[in-house]
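For reference, the structure is listed below as C-alpha cells.
What follows is calculated from the coordinates using simple rules that are stated; it is not laboratory data. Keep in mind it's a predicted model, so treat the numbers as computed, not measured. Positions of Cβ are generated from backbone atoms using ideal geometry, with glycine treated the same way; all protein chains shown enter the neighbour counts.
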C-alpha cells in the first residue's frame, strides 16, 4: 500500500513535489481517481492526491471565465455554472461509470485528460477552453502559464501541453477555463435504419449545412436498444442523432429544416429538450450504450469520413460520435484486444489515434495504451518530458512505457 | 533601446562560404545575397525596427527547408523564419548574422476536403486565400485578422492570430488541425491531421503562437466552417465610454455571443468617418458594432434582444444593417481604423493588451490620464467582446522625444493591462516589441519553464533568438536542478 500525500495549498504542493524530486521518489498524480483505470498502470512510491485543493476562486458570469483549484469536483463546477445558465463548452464526459464509479472526477482531471464530449465538433476540446494554470513542475517549481482572459498570445501556450498530459509534466494546482452561455433549448433530429457508411455521409451533410449542428452521432442497433430514450430503444434499428441548440424558436425551426432536408434518406423523428438532453448524456458518457463491463474500451479519433471504414475493419460493439470522427469500440479483451487491427485501420484512414480507455491491468501494461508516436515525435516528446520532469517522478509510465 | 543578440563575428567572417553552401541547397533565385534585394526583408509590420539580414533564403520544397535548417544547425548559424512579413510585433525582424528564411514560395492550396471540413495548404497561402478557395461552395476559414488579404497562414500559426470573429469562433489555435513541421536539426515531423486532438502531448497546440522559435511549418491543415446563413450588424452609439462598456458586458451576461463586437472611441470614430465615410454618428463618445450571425430566425431574435439591452444601457444611436452592402459599410470604418488614424498623425503605435471586460471603463479612463501625462493623443479601437484593446498612440517619429514618450506610454498601457488581471498581447504576439515587458506578467520561474520548452526543440537557441524572452539563458543553466538545502521530505502533510 503506497503512502498518500495530500497537500492543502500551493506551497504544500510545491514542497511535496520538490522533496520528491530531491529524492527522485516517484509520485502517482491523482485528482479524485475517477479515471485511474485510464492509461497505463503507474508504479509509484507515493500517491500525490490533489483532491484537497478545492474551491472556486473566481467566477464572474459576464466575464465568461472561471478559476478554480484543480481538485474541485467537476460536478460542483457544472452545478455552479448551470445556476447561472452557463456551461463548460467542451462537454466533458463523465467516464466514471466505465470504471464502476459514479464520480465524475475533478476539473483538473478533465483538463489533464483533454477529453471532450459530442460538442467537440462545434466548440472544441478541453484544451480549447483552458486559458491558464498554476502548476508545479516535476522540478518542484511553481509556474504560471496562460492567463485569465479569453484572448492571449503572451509567451508559449504551455496550457496546450498540460492539457492531455495526464499529469506527466506537472501537477495542476489552479485552472482557469472559458465558460459559455448554455443554450436555452435543444432538439435532436433522428434518422432510422442507416448503415454506418450511409450514416457518416448523412452526418457530413448535416455538419456541412448552415443549421449549426452541435452533435452528430450514430448508434448501431445493439447500442440503440440500450438507450433510456424510448424512441431510440424501441426503434429496433440503427439511429443517427443530430443535435440543434439555441433559442426555442431557433432550435425548433432548424430541426424541422434539417429533417426536411434529410427525410428522403430515412425515416425521421424529433426529440425535444428533455429526451435530447438524456440521449446526448448517454453518448457523452459512453457506458450507458456500451455497458458490458467485461469488454475492453477503445477511443479512436480519425478523419470523420473514415469512421465507417474503421468499424468495418474491427469486429466490436461501437458507437460513432463527432460525425464519424470519434469511435468508441468495445472489443474482446483477449490477445491484444484488437490493438493491431485498430491501429492498422487508423493508418489506412490517413492518420489519427487510438487510446485503450479501459482494460484489465495486465493488458494495459502489455500493449501501448496511447497511440505510439513515430520515432522523431517520440524523441521530441521525451525531450519535453525531460524539461518539465527531469527525474521522471510524475506519473512514470502513465502514457508510455519507460517514460 | 532594444538590444538584440550580438552578431557572431565568426559567422559573419564565413558569409561568402555560407551563401555558397545555401545556393547548393536552394538553386537560382532562391538565395538573395545582394544588399539592395535584402533590403526588402529588413523589417516586418513593426517598421520602427530594421535590420539587414546576412542572407535571405526562399526555399520552395520541404526538402530544401530541412536541408537549410540542418546546415544552419551544424554550422551554428541563426535562422529567422518569415511568412508574409505583416506581423506587428517584430517577430520576423532579421538578425545581422542570421539567415532569413522566407516561406513565400509555399503558395499552393493542396487539397479541399469537404467530407472532413478541412483544407490542406502550404504555409505561404494568405489567410483570405483559404476562404476564397472554398467561398463559392459556402464555406470559410474563421480567424480573420485585419491583414487577412496579405498575411500568410504559416504566419498566423506562428502568431496564433485572431481577428474580429474570434470571440465566437476562436483564434488560429482553435482552427488548426495539423501541420508538417521542420525542426532546427532538419527533422520533419507531422502533428495532427484531419482528425481531432492529439494522441500524445499536444505539440500542435504549443507550436501555435510560438513566434517562429520552435520550428518551421511547411504544411497546414485547417478546419473550415459553413458560412452562417445570415449576418446582420447593429451600430450603437453611447454618450459615454462607460455606457458602451456596460452594454458589452450586459450583452454577454444575457447569454449572447455575437460573431463580432467592436468598440471605438470618439477620436477613432472621427478619424474613420473622415477616411471612409461609413456614416458613423459623430456626436457620440463610443460606438459599438455588434454583429450577430447564424440561422436567420435566431439572428432576428438576438438583434431584438441586443437593441433592448442597448436602450437600457443608454444608447443614443441605433442603426441595423438592412443589406450586405450596409453591413460591409459598418465594418469598413472599423477595419480602416488604423490607416484612418495614420492620416491624422505622422506616426502611430498600436498596442494590443487584453483585459477582463469589466475593467474596460477603468482602463479607458486611465489611458486618458496617461495620454495627458505623456503629452500625446490616443485613439482607441477594441475587440470589445473579448476585452482586447488596440489603443493607437499618435506621435511624430521625427521628434525624438515623441518616439520615446510613445514607447513609454505604450509600456504604461501594457503594465496597466497586466495590473487589472489582463495580458500583454491578445493577438499581435510578443516579438521584440513586448519582449522586455514579459517580466511584468511572468515570474523568473514562469519564464524559465517556457524557455525549457524551447530547449526541447532548439537547445542551441538558433531559431529566432532575441524574440519573446527578455533574457536568453543557456539550456545547460536552465536544466540544473536546485535542491533546496535541508528540506525535510514532505513536511506537515496529512497522510493516509
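Rounded to the nearest 5, what % of the DSSP beta bridges within the stretch B:9-102 are antiparallel ones?
On the way: 2 of 10 bridges.
So the antiparallel bridges amount to about 20 percent of the total.
Can you tell me the relative contact order of the stretch A:143-287? Whole percent, Cα pairs under 8 Å, sequence separation 6 or more. Kindly include the intermediate steps, with their values, before the conclusion.
Numbers: 189 pairs, mean separation 43.1, N = 145.
For the stretch A:143-287, the relative contact order is 30 percent.
Pick out which of A:67, A:247, A:176 has the largest mean-square fluctuation in a Gaussian network model of chain A, springs linking Cα atoms closer than 10 Å.
A:247
Provide the three semi-axes, in whole Å and in decreasing order, of the ellipsoid equivalent to the stretch A:313-402 as defined by the square roots of 5 times the Cα gyration tensor eigenvalues.
Numbers: eigenvalues 139, 54, 26 Å².
Square roots of five times the eigenvalues give 26, 16, 11 Å.
Counting only other chains, what is the mean number of Cβ atoms within 10 angstrom of the Cβ of each residue in peptide B:255-261?
Mean number of neighbouring Cβ atoms from other chains: 2.
Under 8 Å for C-alpha pairs, at least 6 residues apart: give me the relative contact order for the stretch B:334-483, rounded to a whole percent. Let's see the in-between values first.
Details: 200 pairs, mean separation 34.2, N = 150.
This gives 23 percent for the stretch B:334-483.
Across the residues of A:274-287, average count of Cβ atoms on other protein chains within 10 Å?
So the per-residue partner count for this stretch is 0.
Quick one, can you get me the convex hull of the C-alpha atoms of chain A expressed as volume per residue in Å³?
Considering the Cα atoms of chain A, their hull volume per residue is 133 Å³.
What relative contact order, as a whole-number percentage, does chain B give when Cα pairs under 8 Å and 6 or more residues apart are counted?
About 14 percent, as a whole number.
Regarding the stretch B:230-419, what is the average projected area of its C-alpha convex hull, in nm²?
9.9
Order the peptides A:270-278, A:258-266, A:46-54 from the highest to the lowest mean number of other Cβ atoms within 10 Å of their residues.
Per-residue Cβ counts within 10 Å, averaged per peptide and sorted highest first, yield A:46-54, A:270-278, A:258-266.
When DSSP assigns beta bridges and you keep just the ones with both residues in chain B, what percent turn out antiparallel, to the nearest 5?
Antiparallel: roughly 85 percent of the beta bridges in chain B.
Quick check: Cα centre of the stretch B:314-393 to Cα centre of the stretch B:120-174, how many Å?
Rounded to whole Å, the Cα centres lie 23 Å apart.
Can you tell me the orientation of helix A:74-83 relative to chain A, as the angle in degrees between its alpha-carbon axis and the longest Cα principal axis, to the nearest 10?
With both axes taken from Cα atoms, the answer is about 60 degrees.
Given the peptides A:21-33, B:200-212, arrange them by the average over their residues of other C-beta atoms within 10 Å, most packed first.
Highest mean packing first, the order is B:200-212, A:21-33.
Please report the antiparallel percentage of the DSSP beta bridges confined to chain A, to the nearest 5.
Around 90 percent of the beta bridges assigned by DSSP in chain A are antiparallel ones.
How big is the stretch A:71-198 by Rg and Dmax over its Cα atoms, in Å?
16.5, 56
Could the peptides A:302-308, B:304-310 be put in order, highest first, of the mean number of other beta-carbon atoms found within 10 Å of their residues?
A:302-308, B:304-310
Please determine, in degrees from 0 to 90 and to the nearest 10, the orientation of helix B:266-276 with respect to the longest principal axis defined by the Cα atoms of chain B, where the helix direction is its Cα long axis.
80
I need two numbers for the protein assembly as shown: Rg to one decimal and Dmax as a whole number, Cα atoms only, in Å.
26.9, 81
Starting from the alpha-carbon convex hull of the stretch B:9-102, give the projected area averaged over all orientations, in nm².
5.7
Can you give the angle from 0 to 90° between the axis of helix A:248-262 and the longest principal axis of chain A, with both taken from C-alpha atoms, to the nearest 10?
In chain A, helix A:248-262 runs at an angle near 60 degrees to the longest axis.
Order of B:424, B:225, B:52 from fewest to most other C-beta atoms within 10 Å? Provide the component values of the computation, followed by the final result.
Working: B:424 31, B:225 20, B:52 15.
Ascending number of Cβ neighbours within 10 Å: B:52, B:225, B:424.
For peptide B:443-455, how many partner chain Cβ atoms fall within 10 Å of a residue's Cβ, on average? Write out the running numbers ahead of the final one.
Values: counts 4, 2, 6, 8, 4, 4, 15, 6, 3, 10, 9, 2, 4.
Taking all residues of B:443-455 together, the mean is 6.
Cα gyration tensor of the stretch B:88-227, axes a ≥ b ≥ c as square roots of the eigenvalues: rounded (a/c below 1.5), prolate (a/b > b/c) or oblate? Can you show the working numbers first?
Details: a/c = 1.62, a/b = 1.33, b/c = 1.22.
Judged from the Cα gyration tensor, the stretch B:88-227 comes out prolate (a/c at least 1.5, a/b above b/c).
When the Cα centres of the stretch A:304-376 and the stretch A:191-240 are compared, how far apart do they sit, in Å?
So the two Cα centres are separated by 21 Å.
For chain A, modelled as a Gaussian network with Cα springs under 10 Å, which listed residue fluctuates most, A:188, A:72, A:253?
Looking only at A:188, A:72, A:253, the largest GNM fluctuation is found for A:253.
Show that you can apply the helix-only estimate: for chain B, add -39,500 (n - 2.57) for every DSSP H stretch of four or more residues, divide by all residues, and state [θ] at 222 nm to the nearest 500.
Calculated from helices alone, the mean residue ellipticity at 222 nm is -10500 deg cm²/dmol.
For chain A, modelled as a Gaussian network with Cα springs under 10 Å, which listed residue fluctuates most, A:245, A:374, A:63?
The residue with the greatest mean-square fluctuation here is A:374.
In deg cm²/dmol, rounded to 500, what helix-only [θ] at 222 nm does chain A give when every DSSP H run of at least 4 residues adds -39500 (n - 2.57) and the total is split over its residues? Present the calculation step by step, with values, prior to reporting the outcome.
Working: 15 runs with 128 residues, N = 403.
After summing the helix terms and dividing by the residues of chain A, the value is -9000 deg cm²/dmol.
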